[in-house]
Amino acid sequence: MKKYIIISFFAWAFTYGVSAQNLSTRSNKFSVNLSDEKNLKDTSIPVITWVEPVNEVVLHREGKLHLTVDIHSPIQIKMVEISIREKNQAASRGSLMVKPKENEQHDLTVDRDVTLPDGVNILEITVVNIDGMASRSDRTVHVGETALADAARLNRHDYALLFVTDRYDNWDSLVNPIFDGRTIAAELKNTYGFQVDLVENPSQDLIFRKLREYSEMKYEPLDELFIFFAGHGYYDEAFKEGYVVVKESLKDDPGKTSYVSYNRLRNIVNVIPCEHTFLMMDVCFGGTFDEALAAARDVGMYKDIPQSEFIIRKLAVKTRRYLTSGGKTYVSDGIPGQHSPFAKRVIEALNTRGGDDGILTLNELWPYVEKLKPEPRQGGFGDNAPGSEFIFIAK
């Protein structure tokens, strides 16, 4: 009697065939016949890791795309193929063969600029080792105005992660951060349809665990992530660095290990695989999040086009934007029960529902806060692309 094992994988799936074994990033099942000795021998399948683009679906106005893929294979790599085909079509739009060098037979990084035609392209990487075992992984890339318009029909979601602290073990208590956070969270959820995660008085560990949780999520190309911090901030003159003060932060902490440094926060937020991320900070010395203390202002509006096209144009490139309540200075917590001055203006902007078109842009939000004293700061960080935008779409 033949015996079989049926195994299901969430992230990786093996399909055993006659002459080769294929690996894809789609979930599937496979069976191993335990009575057949050739199925029992050890197998080592190449592993493909996408560095760029990270997301499975990508939007590009232009046909130029940078591709970076890391490949590891315990068995010597024979060849790597980069192929492009039209979605739902078997015919190839082009391919490129990469032969590993002598020092790349087990670990290889493919780093290429590729040109893609307009339309919906399947960009596929195939890796074959000398035993004939193959791995395949792909990305779907929408290129050109028509393809971007089609992409507008993709499901999109807006996420909000808010960290608010007004009670500290070693610092003075504040009066408004939780009140501000709850009010902003309600506006984002009820007016703009965000999926809201409000974290009150978090520890340093909880902040990093939450950020990791959002780093491991899967995002669609039009999804947006809004991250908000409210509470104490601190600037260390010796280290020339700003920090978020967390619940257990120590006053006497020369190494600042009980704080969340802006440098670390900047790097973590930058690599979260959501294409459109906006970080807002209502903390003292928040402007030092930007290493250059520089503010960049976006220009250009698209008011006379359909809302769907407006959304696509605004979210066509990668977004890493920030807005802070001040620069290299202290900021006011405000009067109890009346919000901080910065949060009050942000809430006023959210209350407008974006005006007649129902879309609130950063360009429209900025006038609500720019006249505050101290002056708020805004700009881009990390992998932010020219022309990037973050939008709040009223339900």
Protection proxy (average C-beta count within 10 Å per residue), highest first, orders 353-361, 99-107 as 353-361, 99-107
Per the rule of 0.36 nm per residue minus the C-alpha distance, extending A238 to V175 adds in nm 19.7 nm
The set of residues whose placed amide H lies less than 5 Å from the amide H of H276, leaving out same-chain residues fewer than 5 positions away, is L225, T319
A chain fully extended from V47 to R167 at 0.36 nm per residue, minus the present Cα-Cα distance, gains in nm 38.5 nm
Listed by chain and number, the residues whose amide H is under 5 Å from that of G379, excluding neighbours fewer than 5 places away on the same chain and using placed H, are A296, Y322
Whole-percent carbon and sulfur contribution to the accessible surface of the stretch 193-285 (1.4 Å, no ligands, DNA or RNA) stands at 48 percent
Going through K251/K373; K318/K371; K101/K210; K218/K344; K218/K240; K318/K395 one by one, the pairs whose alpha carbons sit over 30 Å apart turn out to be K101/K210; K218/K344; K218/K240
Residue span V271 to E216: 0.36 nm per residue of separation minus Cα-Cα distance leaves a gain in nm of 18.8 nm
Here the FRET efficiency for D383 versus A186, based on Cβ atoms and R0 = 35 Å and rounded to 0.05, is 0.65
Expressed to one decimal in nm², the mean projection of the alpha carbon convex hull of the stretch 103-219 is 13.3 nm²
Residues meeting the amide H criterion for G233 (H placed from the backbone, H to H distance under 5 Å, 5 or more places apart or on another chain) are V245, C284
Taking a label point 7 Å from the Cα of E200 along Cα-to-Cβ, the residues of the stretch 166-185 whose backbone nitrogen sits under 18 Å from it are 166-169, 173-185
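The values are calculated or read from the model by the stated rules, or taken from the named source; none is laboratory data. Model, not experiment: these values are computed from the prediction. Cβ coordinates were reconstructed from backbone atoms using ideal geometry, including for glycine residues, and neighbour counts include every protein chain displayed. The accessibility values were calculated without ligands, DNA or RNA, using every heavy atom of the protein model including side chains. Shrake-Rupley method; radii C 1.70, N 1.55, O 1.52, S 1.80 Å.
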